[in-house]
Each structure stands twice: as C-alpha cells, then as structure tokens.
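> Questions regarding the structure given below will be posed in turn.
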Amino acid sequence: MSWTRGGLSDPGKVRVRSRRRLAALAACALLGLAAGCGDGAHEQRAGVSASPVGRLLDDTDEKGRHYREIDVQGAPEVAIEVQPDAGDGWDVRLTVRNFRFSPTGTRQVAVAGRGSVVLYLDGCPLTRLRTTEYRLRGDLVPRGTHPLTARLHADDHTVWAVDGEPVESTADITASGPEPEPAASGGAPGASVSGSGSPARTEGRTCTGRSTHPGGKAS
C-alpha cells in the first residue's frame, strides 16, 4: 500500500524554509531595504502610492495654495447644480468623476483622485465639503446674481489643476428677495450638510467686494 502526505509538511523541510526566510530578512535589513520588504509592499497592496502626484506649479489660489498639475487623462472632474429649496436657501448638489471625498482627519498627503471640495461664493471661500450635498442659506447671498464655484482640492490642500487651470465648476444663483441682514462679524455663519444634521466646516469670507467667476475650467 502506498500513500502520500496531503496537508502535512515534513518537519525537516519546514526548518530549512524558516532558516532561509530569516536569512533573507536579515540581508534585507542590512541593505536598508526593510521598508521595501514590508511596509512598501503593504502600501502597494492598499493602493497608496508613496511617489509624488502631479507637479506643483507656481500659480496659487486666493489663499496661496499651489496648483497641482495632473494629466487630463483620468483627471478628476466636478459639476455643480443649484436649485432653490422650500425655504429661502438653495440646495447645492455636486457630481464628481474620478474623485473620492476623503474623511476628516485624513493624512495631509496628495493622493491621486482624492480630496475635498471648497465652495466659493463671489470668489470668496465659503466652506469645505466632503460630501456631494450642501444647503446654502439664503442670508448668505445678497440680492442679485452671484457665481457659486466648486473647486477640487487634494488632501494636502493643494488645488487639482489641468492645463494650468483649477479643476472646478461654476453655477450662477440669483437672489430676488429683500436684501438679507448682514452676517455677524467674524465670517459667514455655519451651514448644514444636507442629510447629515452636523455643522459644515465654514471658512470666513474675508475678501472684500465682489469678484467675477474665478478662473479655471468648468467640468
């Protein structure tokens, strides 16, 4: 009668393989390649690249954040749609492509196709979004027509750019009601992200006067 071992290994062979693996790890450490043998491989499996993404340009936005130039092929895109709500405000909806929103607290390193959106009203930064829905309060918008721009940022707060222009989209909103009361000093009041019930992060509107559409390409 003859038989073969299916699930069991020969103890002698196991010891030989263990010694060889330890020797390989020791050699890797001596050559300064420990990260490549361990952590680097893990990052590749997780889909995170340690290499720089795109190219930083000298151009900056209104806050001094540099543009990060990427190829047009596979570049992230954003579109913005604004509709009046049942009250005195506007429902803002974003559509993104080749882009994922990073949660709050994400490490500040640029990763391809990830980041957040900054909304600009009349060229002034209004709020940073990590979701596709937002309610714009009516008391933040004076009477008249105003551009509302959604611009894509990387996790290190640089601005995603294609052909030297920020990746963004702009829609016009027109307020025809009575002039709203001026907002309290210290910046625009907070607004809520639709469906979340939690306050959105609001950036103070510190720029003065009105500006035309911010430069860039609308997706």
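> From the set of residues in the stretch 115-148 that are among the basic types (Lys, Arg) and part of a loop (DSSP other than H, G, I, E, B), which is surrounded by the most Cβ atoms within 10 Å (Cβ to Cβ)? Give the derivation first.
Within the stretch 115-148, the subset among the basic types (Lys, Arg) is 128, 130, 135, 137, 143.
Still in the running and part of a loop (DSSP other than H, G, I, E, B): 130, 137, 143.
Details: Arg130: 16, Arg137: 18, Arg143: 12.
Going through the qualifying residues, I end up with Arg137.
> Right, something else. Which of the residues belonging to the stretch 53-63 are surrounded by fewer than 16 Cβ atoms within 10 Å (Cβ to Cβ) and either part of a loop (DSSP other than H, G, I, E, B) or among the hydroxyl-bearing types (Ser, Thr, Tyr) (or both)?
Thr60, Glu62, Lys63, listed by residue number.
> Okay, next question. For the list (1) touching a Ser or Thr at 6+ places or on another chain (Cβ under 8 Å); (2) of a type in the set (Val, Ile, Thr); (3) at pLDDT below 95, I need the number of the one condition that Thr95 fails.
That leaves (3) as the condition not met.
> Out of all the residues in the stretch 110-129, which are free of Cβ contacts under 8 Å to residues at least 40 places away in the same chain and closer than 15 Å to Arg100 by Cβ? Reasoning before the result, please.
If we filter the stretch 110-129 for residues that are free of Cβ contacts under 8 Å to residues at least 40 places away in the same chain, which is where we start, we get 113, 116-117, 119.
Those that are free of Cβ contacts under 8 Å to residues at least 40 places away in the same chain and closer than 15 Å to Arg100 by Cβ: Gly113, Ser116, Val117.
> Among the residues of the stretch 77-90, which ones are among the charged types (D, E, K, R) and either under 13 Å from Val141 (Cα atoms) or touching a Phe, Trp or Tyr at 6+ places or on another chain (Cβ under 6 Å) (or both)? Break it down into steps so the answer makes sense when it comes.
Going through the stretch 77-90, the residues among the charged types (D, E, K, R) turn out to be 77, 81, 85, 88.
Matches in the stretch 77-90: Asp88 only.
> Looking only at the stretch 64-90, count how many residues are within 18 Å of the chain's Cα centre (by Cα), closer than 18 Å to Arg135 by Cβ and part of a loop (DSSP other than H, G, I, E, B).
Number satisfying all stated conditions: 0.
> Can you tell me which of (1) under 25 Å from Ala86 (Cβ atoms); (2) buried (at least 18 other Cβ atoms within 10 Å of the Cβ) is the one Arg151 doesn't meet?
Unmet condition: (1).
The values are calculated or read from the model by the stated rules, or taken from the named source; none is laboratory data. Not measured: the values here are computed from a predicted model. Virtual Cβ from ideal backbone geometry, glycine too; neighbours counted across all protein chains shown.
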